1. What residues have an amide H closer than 5 Å to that of VAL261, excluding those fewer than 5 places away on the same chain, when H is modeled at 1.01 Å from N in the peptide plane?
2. Counting only other residues whose beta carbon sits under 15 Å from that of ASN64, what net charge do I get with K and R as +1, D and E as -1?
3. Could you work out the relative contact order of segment 11-64? I mean the mean sequence separation of Cα pairs under 8 Å and 6+ apart, divided by the number of residues, in percent.
4. What base-10 log of the normalised intensity I(q)/I(0) is obtained for segment 1-127 from the Debye formula, alpha carbons as equal point scatterers, at q = 0.12, 0.16, 0.19 Å⁻¹?
5. Given bins 5 angstrom wide, list per bin the percent of all Cα-Cα distances in segment 29-90, short to long.
Amino acid sequence: MKIEQISEIKCESSIVCADYKDHELVISSQTGKIFIYREIKNVWELAAGTIKEFSIEVVKWYENLILCGGIEGEICILSCVPKSKYLNLLYTQRIHRSTLKDIVWRNSDIFTCGFDSMVNICRLTQDNELIFLNIIQKIEAHKGWVTGLVLSENCLISQGSDNVVAVWNLEDFKKLKELRFVTNSEKTRLISKPCYYKNLIAISDTYGYDDEEGSFFVWNILTGQVIQAPILISHYLETSDQLKRIRNWRTQIEVQCTAFVKEGIFVASANCVFFYSFPNYSLAYQTEINQNGYIIV
C-alpha cells in the first residue's frame, strides 16, 4: 500500500475535532470556530465558517446539516447559508449534564454520549424549515465518562473511562456483551474515540507516560479475540537524545485517534502517524508530523 501526503490545510489554532464526507471537511478549533473546507482537485478551499459562543467538543455531518456537541452538554444543529460563507444555527438543546463527547447517527436516530455517564437516543424530525430533537431513551452506560460511540450493523458500541467497552442491542438497547480492561496502572483510561470496521473495534489506551507507552487494541466482537499492539517509541526514534525528549514530552506517545481502511488501520499519536496492515497488524508505514494547526491529507 502506497501512502503519501497530497495536501494540507492550515488552521488558525489547534483542532478539536473534524468530520469528512464527499470531499467536504468540517472542523472545530479551540477558539470555538467551525470551518467547512471543500476539496477541488486536491486543493482545499474554505467554504464556510462561523464563531460560536461555546466550546465545541465534537462535530459531525448529518446529511447536509452539521451536528455539534458542546462542553455544557448542548447539541446544536447548523446549516450552510446558500451562496454565502456563513453557517446558520437551526436548533440547540442541552441534553447532557456535562460535556457532550460524541455523536453518531443512523437515519433519523441520533445517539449522543457525555461525561455524565449517559448515552441518549434521540429522534430528529423536520417540518419544512423547523427541526425538532426528542430524547426517546436514556441509558446509564458506564461508571464514569462515556468517551465514544460507534455503530455496527446491528449494535451500538459505547466506550467509557471505566475501561469498559459495551455492546448494546439497537432494538431494545439491552447490553449484549462487554470487554473490560484490567491493568496494573491507575492511569489507564479509554479516552480516544473508538472506530469500527467489519466486526472489528479499535480501542486506544490514551495515556503514554514515563515508563510505559501508548497502545491500541482491536476487538473482534464476533469471536471475542483481542489483539494488542504497542505504539513503541522505538518505531520512530533513532537516538537517545530523541528518546529523552519524547519521554519528557509525554503527549508525543499518547494515542489520539485510530481509523480503519480496507488494508489496515491508521494510528495517530500527538505528532506521529503509523499504519498497521492486515491481517497481522505489522507496522507498514510511519511518519512524524511537526506542524501544529495543520490538517494533513
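All of the numbers you see were taken from the coordinates with simple rules; none came from a lab. Computed from a predicted structure; not experimentally measured. Backbone-built Cβ (ideal geometry, glycine too); neighbour counts: all protein chains shown.
1. PHE266
2. Cβ neighbours under 15 Å give a net charge of -1.
3. Relative contact order comes out at 34 percent.
4. Results for segment 1-127 at q = 0.12, 0.16, 0.19 Å⁻¹ read -0.46, -0.79, -1.07.
5. Result returned by the calculation: 4, 17, 29, 26, 15, 6, 2, 1.
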